[in-house]
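Participant: First the structure, which I've put down as structure tokens, then a few questions once you've had a look.
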Amino acid sequence: GTPPQSLVDCFAHGTVPIVVGKHHKLDYTRYFKYAVAKFKEFSVEGAITFILTAPADALYVFSNSAKIIQEFFHMRYKAPFAQRLHRHAYMACHALKNPAPPLAFVSIYSARKNFGRRMALRDTWLPLLKAAGVSYKFFLAGTQVDGLSDVDDLLRRERDMFDDMVFLTGTTDEYPIGRKGLAALLWAAHNTDAQFWLKFDDDLYVRPQYVLGRLASLQRAEAYWGAFDY
């Protein structure tokens with residue numbers, strides 16, 4: 001269900017809520033239980049003592065989990081209910097179109113010199129994506145289509161051979177990912193009709209059948225699966 005406004009406000013202000021009682025509703029998202037302090041009984045003195053004596057790693061978990069919950073609540077509940085209901089109805093109808101739109105599009109972030117990693121993926125789990133009717137692209141930053149360097153020439157030849165690479169000109173491999181991530185998301189929005197967008201790095205081994213099976217069971221609108229790295 002929709003969380004109470006007091007809980008949303010608490011996370012919006014970057015504070016850790018205290019939930020009192022033996023039974024707690026902790027299923028808003030996977031990280032919710034790590035972002036709240038759970039007390040069987042509450043007192044102001046007990047809460048202050050808890051804050052002052054909590055281990056540093058516990059405070060770190062609270063802080064980072066709260067940031068993730070902020071993103072989740074913002075993306076899920078920022079719009080009025082009528083607008084959110086319209087989104088769900090639209091996506092439900094979109095999923096029932098004939099022919100059906102692809103279940104997902106996979107973006108794989110890679111670097112210019114990571115040819116070995118890209119080949120490892122092409123030789124292992126990427127063919128399973130194709131067999132499931134799911135398309136993918138490697139996204140590379142800092143690559144000029146008409147660059148004169150030897151690396152640029154090799155990348156163009158790789159692109160022409162495999163037809164699975166997108167050069168994001170005007171971006172860099174900065175971290176945390178900023179312009180590169182936005183450019184990749186905009187490319188996917190304008191070039192695919194898929195119901196879900198997935199982002200991976202090129203050093204991951206993925207079992208597509210389990211990932212796609214999980215996606216098929218999720219709601220199509222306002223789905224948020226994973227976490228931002230803080």
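The values are calculated or read from the model by the stated rules, or taken from the named source; none is laboratory data. Here the structure is a predicted model, which means the values were calculated and not measured. Quick reminder, even Gly has a Cβ in these numbers, built from the backbone with ideal geometry, and neighbours come from all protein chains shown. Keep in mind that these areas ignore ligands, DNA and RNA; they rest on the heavy atoms of the full protein, side chains included. Shrake-Rupley method; radii C 1.70, N 1.55, O 1.52, S 1.80 Å.
Participant: Being open to solvent by 50 Å² or more (accessible area, probe 1.4 Å) and in contact (Cβ under 8 Å) with a residue 12 or more places away in the chain is the filter here, so list the residues in segment 51-62 that pass it.
Facilitator: Matches in segment 51-62: Val61 only.
Participant: Anything in segment 27-38 that is of a type in the set (Phe, Trp, Tyr) and either at positive phi or open to solvent by 30 Å² or more (accessible area, probe 1.4 Å) (or both)? List them, or say none.
Facilitator: Across segment 27-38, the qualifying residues are Tyr28, Tyr31, Tyr34.
Participant: Residue under question is Tyr136, and the condition is that it be modelled with pLDDT of 85 or more, in contact with a helix residue (DSSP H, G or I) (Cβ under 6 Å, 6 or more places away or on another chain) and of a type in the set (Phe, Trp, Tyr); does it hold?
Facilitator: The answer is yes for Tyr136.
Participant: Within the set of pairs 6+ apart or on separate chains, which have a first residue in segment 38-50 that is closer than 20 Å to Leu7 by Cα and assigned to a loop (DSSP other than H, G, I, E, B), a second that is of a type in the set (D, E, K, R) and open to solvent by 100 Å² or more (accessible area, probe 1.4 Å), and C-beta atoms under 7 Å apart?
Facilitator: If the second residue must be of a type in the set (D, E, K, R) and open to solvent by 100 Å² or more (accessible area, probe 1.4 Å), the pairs left are Lys40/Lys22.
Participant: Looking at segment 66-77, I want the residues that are closer than 12 Å to Gly14 by Cβ and assigned to a helix (DSSP H, G or I) and have a partner that is open to solvent by 50 Å² or more (accessible area, probe 1.4 Å) and β-branched (Val, Ile, Thr) with Cβ atoms under 9 Å, at least 6 apart or on another chain. Which pairs are those?
Facilitator: Correct list of pairs: Ala66/Thr15; Ala66/Val16.
Participant: Now a separate question. State whether the residues of segment 147-165 include one that is surrounded by 14 or more Cβ atoms within 10 Å (Cβ to Cβ), touching a residue at least 24 places away in the same chain (Cβ under 8 Å) and not in a helix (DSSP H, G or I).
Facilitator: yes
Participant: Got at least one residue in segment 190-197 being under 12 Å from Tyr136 (Cβ atoms), out of contact with any His (no Cβ under 9 Å at 6 or more places or on another chain), in contact (Cβ under 8 Å) with a residue 24 or more places away in the chain and open to solvent by 80 Å² or more (accessible area, probe 1.4 Å)?
Facilitator: Taking every residue of segment 190-197 in turn, at least one turns out to be under 12 Å from Tyr136 (Cβ atoms), out of contact with any His (no Cβ under 9 Å at 6 or more places or on another chain), in contact (Cβ under 8 Å) with a residue 24 or more places away in the chain and open to solvent by 80 Å² or more (accessible area, probe 1.4 Å).
Participant: Scan segment 102-126 for residues that are assigned to a loop (DSSP other than H, G, I, E, B) and surrounded by 13 or more Cβ atoms within 10 Å (Cβ to Cβ) and jot them down.
Facilitator: Pro102, Leu103, Ala111, Arg112, Asn114, Trp125
Conditions tested, residue by residue: (1) among the β-branched types (Val, Ile, Thr); (2) under 19 Å from Asn191 (Cβ atoms); (3) in contact with a Leu (Cβ under 6 Å, 6 or more places away or on another chain).
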| position | (1), (2), (3) |
| --- | --- |
| Phe105 | no, yes, no |
| Ser110 | no, yes, yes |
| Arg117 | no, no, no |
| Trp125 | no, no, no |
| Leu128 | no, no, no |
| Ser135 | no, yes, no |
| Ser149 | no, no, no |
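Participant: Quick check on Asp201: is it open to solvent by 30 Å² or more (accessible area, probe 1.4 Å) and more than 14 Å from Tyr136 (Cβ to Cβ)?
Facilitator: The answer is no for Asp201.
Participant: With respect to Trp225, is the statement that it is open to solvent by 80 Å² or more (accessible area, probe 1.4 Å), aromatic (Phe, Trp, Tyr), under 22 Å from Tyr31 (Cα atoms) and at pLDDT below 85 true?
Facilitator: Yes.
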